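The values are calculated or read from the model by the stated rules, or taken from the named source; none is laboratory data. It should be emphasised that the depicted structure is a prediction, and the values quoted were computed from it without experimental measurement. When we count neighbours, we look across all protein chains shown, and the Cβ atoms used for this are built from the backbone with ideal geometry, even at glycine. To get the accessible areas, we keep the full protein, side chains included, count just its heavy atoms, and leave off ligands, DNA and RNA. Shrake-Rupley method; radii C 1.70, N 1.55, O 1.52, S 1.80 Å.
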Amino acid sequence: RHTGRQIVEGVYYGSYHRSRLVAAAGTHIYSRREGVGVIGNVYTRPDFRGRGLGTQVTGAVADHLLQHCGLIVLNVDPANHTARHVYHQLGFRESGSLIEAMSTRRAAYSPVPLLRRAVARHRAPGPDAEVIDI
């Protein structure tokens, strides 16, 4: 789900066939000021897949971001082998991963989270890190 601001300020490219959008790619996050862009929102209509259109629109977004950002990140499901192949073809390499998960807050006013963070900071190898068991 995107806000209007994300759409207006984001970078999006599309491929059309007979005035119909058949492939698109864009950004989840884009900040020229911070020099960061996150590519995602890549889609090709099923009847147009296998023609390289997803690669072309994703490449166009990446080219745009490379002109303005020092850091480009991809948002892709690890099980999506097609998308990973496209990103690899475009020159991207995996350097880390992000795990997304649902969470709920247990207690609104409990000292336990503060204690856990204090322990995590104490166990950390440096001043700007925390070691958290998952």
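Data table
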item: Rounded FRET efficiency, nearest 0.05, which uses the C-beta distance separating residue 118 from residue 43 and R0 of 41 Å; result: 0.40
item: Protein accessible area in region 49-103, 1.4 Å probe - carbon and sulfur %; result: 52 percent
item: The chain: most fluctuating residue of 93, 121, 49 per GNM, C-alpha cutoff 10 Å; result: 121
item: Over the chain - Rg/Rh using Cα atoms and the Kirkwood inverse-distance radius; result: 1.09
item: Most mobile of 115, 74, 65 in a GNM of the chain (Cα contacts under 10 Å); result: 115
item: Net charge of neighbours whose Cβ lies under 13 Å from the Cβ of residue 11, counting Lys and Arg as +1 and Asp and Glu as -1; result: -1
item: Charge dipole of region 75-118 about the Cα centre (unit charges at C-beta), most positive-ward option of 98, 88, 109; result: 109
item: Cβ-placed point charges (K, R +1; D, E -1), dipole of the chain about Cα centre in debye, nearest 20; result: 320 debye
item: Solvent-accessible area per residue, Å², over region 18-112 with all protein chains present [probe radius 1.4 Å]; result: 73 Å²
item: Charge dipole magnitude, Cβ of K and R +1, D and E -1 - region 24-88, Cα centre, debye nearest 20; result: 80 debye
item: Note, ³J(HN,Hα) from phi for region 68-78, Karplus 6.51, -1.76, 1.60, rounded to Hz, x at Gly and Pro; result: 10, 10, x, 10, 10, 10, 10, 10, 8, 5, x
item: Share antiparallel - DSSP beta bridges, the chain, percent rounded to 5; result: 75 percent
